[in-house]
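**Q** Have a look at this one.
The values are calculated or read from the model by the stated rules, or taken from the named source; none is laboratory data. Keep in mind that what you see is a predicted model, and the values were worked out from it rather than measured. Quick reminder, even Gly has a Cβ in these numbers, built from the backbone with ideal geometry, and neighbours come from all protein chains shown. These accessible areas exclude ligands, DNA and RNA; they are computed on the full protein's heavy atoms, side chains included. Shrake-Rupley method; radii C 1.70, N 1.55, O 1.52, S 1.80 Å.
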Amino acid sequence: MDEEAQMQTCHLLDLPWEDVLVPHILCFLPLQHLVSLQRVSRQFHSLIQVYLANCRTFDLSSIGPSVPKEAFCSMLKDNKVLHSLCLSSCSEWVTDKELLPVIGQNQHLQRVDMSSCVGLTRHSLVAVSLSCMHLQHLGLAHCEWVDSLSLRSLADHCGGLQSINITACRQLKDDAICYMAKKCLKLRSLSLAVNANVTDESVEEVAKNCRGLEQLDLTGCLRVRNQSIRTLAEYCPKLQSLKVNHCHNVTESSLDPLRKRNVVIDVEPPLQRALVLLQDVLGFAPFINLQI
């Protein structure tokens, strides 16, 4: 009886690794659990290495600060099939030295997020542009090392780009943004926020070339005016969301046509703002018939 029961016993590691465990079980576990699991035994360590070599998505956003850079290099040293890489919380340790080998051997990357990775340089962006021809989504928010030459390289080689976040990339000026707009015609989502160098020239070039644009963030672009918002309304019929908070030269005269198309705008109409201020002062909102 004991021998029969022993023969019927099946351990987790007895299941086929690449056909069962990797695609149907490990892919549902958070990365931090996988990292812990590989410490259980040599067999589990080998299993996790097989998984890491074949995973399509690698997201360190939840555990980035606690991952030693040596561990990052070790985890991805055999992976050549990544489609998505997120390093947005790895600013304390990631540099070109760690990232460039990963980018170089993963030419099928479609999504890369390097937001706030202040230890990187323009060489990482150039590497992405040269290696990742199928790139569709790129996060570069608060990467002040992004310059005109690296953005032009990206535009030259990644024409299929659909979204890019270059919030607070303050080295960038109109010339680089206009160049990107002329090359990346499939852009659907773009953030140019927190960059005082951005003017109407950039916004108009984006509007005229990226007709499928759905989301645009111009928060804090102090030199953007009504003229370019009107151009946006004219050339981008698919626009769904526009952020113009702290754009003090953008007024309701240019925003109203977009509101009538149900575009979501992050600033309230003047009357609505006045009512909110009045409520703050008085402690209640007086009744006003807005249909008069």
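**Q** Leaving ligands, DNA and RNA out of it, work out the accessible area of HIS246 with a 1.4 Å probe and give it in Å² to the nearest 10.
**A** 100
**Q** Semi-axes of the chain's equivalent ellipsoid from the Cα gyration tensor, sqrt of 5 times each eigenvalue, largest first, rounded to whole Å? Walk me through the numbers before you get to the answer.
**A** On the way: eigenvalues 417, 126, 59 Å².
After diagonalising the Cα gyration tensor, the semi-axes are 46, 25, 17 Å.
**Q** Say R0 is 41 Å: what FRET efficiency, to the nearest 0.05, do SER41 and GLU92 get from their beta-carbon distance?
**A** Details: r = 31 Å, r/R0 = 0.75.
So, using R0 = 41 Å, E works out to roughly 0.85.
**Q** Convex hull over the Cα atoms of region 78-144, averaged projected area in nm²? Each step should come with its number before you reach the end.
**A** On the way: hull surface 15.6 nm².
Here the figure is 3.9 nm², rounded to one decimal.
**Q** Calculate, axis by axis, the spread of Cα positions in region 1-83 along the three principal axes, and write the results as whole Å, longest axis first.
**A** For region 1-83, the Cα spread along each principal axis is 52, 23, 19 Å.
**Q** I would also like to ask the following. Leaving ligands, DNA and RNA out of it, rank ASP19, ASP175, ASP96 by accessible area with a 1.4 Å probe, largest first. Walk me through the numbers before you get to the answer.
**A** Numbers: ASP19 115, ASP175 80, ASP96 25 Å².
The most accessible residue leads, giving ASP19, ASP175, ASP96.
**Q** Sticking with this one: Could you tell me the center-to-center distance, by alpha carbons, between region 129-164 and region 7-61 in angstrom?
**A** Here the two parts' Cα centres lie 33 Å apart.
**Q** Could you give the length gained on full extension between LYS77 and ARG259, defined as 0.36 nm per residue of separation minus the Cα-Cα distance, in nm?
**A** On the way: separation 182, 0.36 × 182 = 65.52 nm, distance 4.98 nm.
Using 0.36 nm per residue and subtracting the Cα-Cα distance, I get 60.5 nm.
**Q** Using 1/(1 + (r/R0)^6) with R0 = 45 angstrom and r between the beta carbons of LEU149 and GLU18, what's the FRET efficiency to the nearest 0.05?
**A** On the way: r = 42 Å, r/R0 = 0.94.
The pair LEU149/GLU18 has a calculated efficiency of 0.60.
**Q** For region 118-224, rounded, prolate or oblate, judged on the Cα gyration tensor with a ≥ b ≥ c (square roots of eigenvalues), a/c < 1.5 rounded, else prolate if a/b > b/c? Write out the running numbers ahead of the final one.
**A** Working: a/c = 1.69, a/b = 1.14, b/c = 1.48.
Oblate, because a/c is 1.5 or more while a/b does not exceed b/c.
**Q** Given 37 °C and 0.692 mPa s, how large is the Stokes-Einstein diffusion coefficient of region 50-117 in µm²/s, with Rh as the Kirkwood radius over Cα pairs? Each step should come with its number before you reach the end.
**A** Details: Rh = 11.8 Å.
Approximately 278 µm²/s, per Stokes-Einstein.
**Q** If you don't mind, there's one more thing I want to ask. Just want the answer: with Cβ charges of +1 for Lys and Arg and -1 for Asp and Glu, which residue in SER202, TYR51, LEU31 is farthest toward the dipole's positive end in the chain?
**A** Of SER202, TYR51, LEU31, it is SER202.
**Q** Can I ask one more? Can you give the accessible area of LEU37, probe radius 1.4 Å, in Å² rounded to 10?
**A** Probe radius 1.4 Å; accessible area of LEU37 about 40 Å².
**Q** Stokes-Einstein D for region 173-256 at 20 °C, 1.002 mPa s, Kirkwood Rh over Cα pairs, in µm²/s? Don't jump to the answer; show the numbers that get you there.
**A** Working: Rh = 12.2 Å.
It comes out at roughly 175 µm²/s.
**Q** Which of TRP17, PRO68, LEU138 sits farthest toward the positive end of the charge dipole of the chain, with +1 on the Cβ of Lys and Arg and -1 on the Cβ of Asp and Glu?
**A** Among TRP17, PRO68, LEU138, the one farthest towards the positive end of the dipole of the chain is LEU138.
**Q** Kirkwood hydrodynamic radius, region 221-266, all distinct C-alpha pairs: what's the number in Å?
**A** Numbers: mean 1/r = 0.0951 Å⁻¹.
Computed over Cα pairs of region 221-266, the Kirkwood hydrodynamic radius comes out at 10.5 Å.
**Q** Continuing with this model, one more query. Sorting PHE58, PHE44, PHE28 by accessible area (1.4 Å probe), largest first, what list results?
**A** Details: PHE58 5, PHE44 35, PHE28 160 Å².
Descending order: PHE28, PHE44, PHE58.
**Q** How much accessible area does ARG211 have with a 1.4 Å probe, in Å² rounded to the nearest 10?
**A** 120
**Q** Hey, another quick one. Kindly provide the helix-only [θ] at 222 nm of the chain, computed as the sum of -39,500 (n - 2.57) over DSSP H runs of four or more divided by all residues, to the nearest 500 deg cm²/dmol? Don't jump to the answer; show the numbers that get you there.
**A** On the way: 12 runs with 115 residues, N = 292.
The per-residue figure over the chain is -11500 deg cm²/dmol.
**Q** If you fit an axis through the alpha-carbon atoms of helix 148-157 and take the longest principal axis of the Cα set of the chain, what angle between them do you get, 0 to 90°, nearest 10?
**A** Once rounded, the angle reads 70 degrees.
**Q** While we're on this one: Each label point is 7 Å from the Cα along the Cα-to-Cβ direction; what then is the distance between the points at LEU29 and SER241, in nm?
**A** Here the modelled spin labels are 3.4 nm apart.
**Q** Next up: Is there a quick way to get the dipole size of region 15-107? I mean about its Cα centre, with the Cβ of Lys and Arg at +1 and of Asp and Glu at -1; what is the value in debye to the nearest 20?
**A** Numbers: 7 positive and 8 negative charges, 26 e Å.
With Lys and Arg at +1 and Asp and Glu at -1, about 120 debye.
**Q** Now for a separate question. Starting at 0 and stepping by 10 Å, how many percent of the alpha carbon pairs of region 42-159 end up in each bin?
**A** 14, 49, 30, 6, 1
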